[in-house]
1. Within segment B:202-247, how many residues are touching a helix residue (DSSP H, G or I) at 6+ places or on another chain (Cβ under 9 Å), on the phi > 0 side of the Ramachandran plot and not small (Gly, Ala, Ser)?
2. Is there a residue in segment A:22-32 that is among the charged types (D, E, K, R), in contact (Cβ under 8 Å) with a residue 40 or more places away in the chain, surrounded by 12 or more Cβ atoms within 10 Å (Cβ to Cβ) and closer than 30 Å to B:ARG104 by Cβ?
3. Considering B:SER107, B:SER55, which residue is touching a residue at least 40 places away in the same chain (Cβ under 8 Å) and either under 30 Å from B:ASN10 (Cα atoms) or surrounded by fewer than 19 Cβ atoms within 10 Å (Cβ to Cβ) (or both)?
4. For segment B:34-41, check the following and say yes or no: at least one residue is open to solvent by 60 Å² or more (accessible area, probe 1.4 Å), within 13 Å of chain A (Cβ to nearest Cβ), modelled with pLDDT under 95 and within 16 Å of ligand 2 (Cβ to nearest atom).
5. Tell me the helices (runs of 4 or more DSSP H) entirely within segment A:140-202 that contain at least 3 residues that are under 22 Å from A:SER31 (Cα atoms).
6. Within segment A:33-64, how many residues turn out to be open to solvent by less than 50 Å² (accessible area, probe 1.4 Å), within 11 Å of chain B (Cβ to nearest Cβ) and more than 18 Å from A:GLY152 (Cβ to Cβ)?
7. Look through B:LEU30, B:LEU17, B:LEU66 and report the one residue that is more than 16 Å from ligand 2 (Cβ to nearest atom), more than 14 Å from chain A (Cβ to nearest Cβ) and crowded, with 17+ Cβ neighbours inside 10 Å.
8. Kindly indicate the residue of segment B:69-95 that is small (Gly, Ala, Ser) and open to solvent by less than 30 Å² (accessible area, probe 1.4 Å) and also farthest from B:ASP21 (Cα to Cα) among those meeting that condition.
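The values are calculated or read from the model by the stated rules, or taken from the named source; none is laboratory data. Keep in mind that what you see is a predicted model, and the values were worked out from it rather than measured. Methodologically, a virtual Cβ is constructed for each residue, glycine included, from the backbone with ideal geometry; neighbour enumeration extends over all protein chains shown. Heads up: the accessible areas ignore ligands, DNA and RNA and are worked out on the full protein's heavy atoms, side chains in. Shrake-Rupley method; radii C 1.70, N 1.55, O 1.52, S 1.80 Å.
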Amino acid sequence: MQTKIIFENVGGRTIDFFTAIYEAWQLVIDSIKALPHIWFYRRQVTEQIYVFLVKTLPIAAVISIFVGLGAMIQGTYQSSALIPRTYVINVIFKSTIIELCPIILSLILAGKLGASLAAELGSMKISEQVEALETMSLDPVGFLIMPRILAGMIMLPIIIIFANFLAMFSVFFIASIATDWISPKEFLSGMQMNYRAFEFYFGNLIKPAVNGFFIALVGSYFGMRTHGGALGVGRAATNAVVVSAILIVFFDYYLARLLL
Amino acid sequence: MIEVRELSKNYNGMPVLNGIDLDINDNETLVILGPSGQGKTVFIKSLVRLIEPDSGTIRYDGIDVLTLPKRKFIAIQKKIAFVFQDNALFDFLNVKENLSLYLRMHSKLSEKEIFKEVLRAIEFVRMNEEVLDKYPEELSGGMMKRIAIARAIIQQPCYMFYDEPTTGLDEANVEMVVELIHKFKKRVCKFEKRVCATVVIVTHDIHLMHAVSDRVVLLKEGKIVFVGKKEEISEESLHRLYDTGVRDDL
Ligand SMILES: Nc1ncnc2c1ncn2[C@@H]1O[C@H](COP(=O)(O)OP(=O)(O)OP(=O)(O)O)[C@@H](O)[C@H]1O
Ligand SMILES: [Mg+2]
């Protein structure tokens, strides 16, 4: 009897899981189908890009500065006197801009943007606003979702490049200007060591675009399937954050294995 | 003309619409009356394809819309306006933007012309310009309903659908809604010189039914139990419709 219940439970959840993937995939297809109408929905796209900037810029600035400084403290503290300081800077530089900054910011924005997106669409859904769009001959995917996914994919790389600049500048400021730990010249040569362009495209363009895509897609998905009143909106927001965070850390690992 | 045949919809195995047959004539005001929970909202939303029914057909002027791909349905959808039970105003847009959205997306009017249309609509629902900068959350229930009606008429629809337009409003606002429903027809016929102005209303408000209907449909448990003129409805059939099983003699 017990085992039967367990099997039913597991079976039900497995089916739910695959249904969810299928539905999310449908959302992607519908968004791609809405792409040719991008000129029709241009206002919504520019608006979302603007909203994205306003919502993320301040938090990205604060976080990136301290991520950079944290990495610097650890790097300088862990390295012995035998390791040349240019090498230490190189390690700090690469680990910060390829891994630390992108993933920490992506996770934070998954919380901030993903939750607000799911709550926003969720409350529209339960108050019939999504249906109102349809009766006004506007496609909810084209009007609401495609612009958000696009904004996520375009803006996350830009935010992360900006954050990386800030992070490295703050490291430079502390290590070379405020203290005399390393000369500016050595600092620069440390950054240039072992330079591989693809790593930077990977960390600053590919990964953030993928993360931006997941944040917007998952937020939209949970928002659009919201039901059950205000409680449902809260649930949608929580689910969006958890699922997009898991996807981000998984693809952070998987893409690195695949591409680097 | 809208022809509905054999329309059925189940939720969780429970029939909500149970084989509905109905013809809605052009230019009539049809009131679908039924107590709460009888599938009125499901029915009216099915008519405009917000809900996909399980079986049956719906024809607008002979075109079967349920088999039409969504893309092709848009031509018909543009003739439809819908006033939701809870208004469904976009709460991220102020009143002006709520009213402008349709024209901005679907017409080639300039900003100035759009604004003129918005003013006309606001005047139509007897409100003044001050309301334009407000957000829906700052409006009272009666004001929201009027804005929702304004947002619908700005689409210049041929078919106007109302889901419970008077629920939750006080008497003054109910009278206002009644007036607006009449005015819509007059405006369409007189000023816009168009011929089509079909109004479909679902409600449980008997007063509203008496005030506006050309024809009445009584809906009970997902079935039509009466179609005809309001004068033909007997006291008894209304009584039976609203019979809740609570006995007065207790
Ligand atoms: N999405 C849904 N899932 C499950 N059941 C539903 C759903 N929508 C409606 N129902 C059921 O269908 C029935 C009719 O609902 P509907 O909203 O059409 O009633 P109504 O006549 O509009 O009532 P009211 O006057 O209260 O608005 C109800 O019993 C409701 O439980
Ligand atoms: Mg209803």
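1. The qualifying residues number 0.
2. For segment A:22-32, residues among the charged types (D, E, K, R), in contact (Cβ under 8 Å) with a residue 40 or more places away in the chain, surrounded by 12 or more Cβ atoms within 10 Å (Cβ to Cβ) and closer than 30 Å to B:ARG104 by Cβ: present.
3. Within the list B:SER107, B:SER55, the selection yields B:SER55.
4. Looking through segment B:34-41, none of the residues is open to solvent by 60 Å² or more (accessible area, probe 1.4 Å), within 13 Å of chain A (Cβ to nearest Cβ), modelled with pLDDT under 95 and within 16 Å of ligand 2 (Cβ to nearest atom).
5. Those helices (runs of 4 or more DSSP H) span A:146-172.
6. Counting residues in segment A:33-64 that are open to solvent by less than 50 Å² (accessible area, probe 1.4 Å), within 11 Å of chain B (Cβ to nearest Cβ) and more than 18 Å from A:GLY152 (Cβ to Cβ) gives 0.
7. Answer to the check: B:LEU30.
8. In this case the residue turns out to be B:ALA88.
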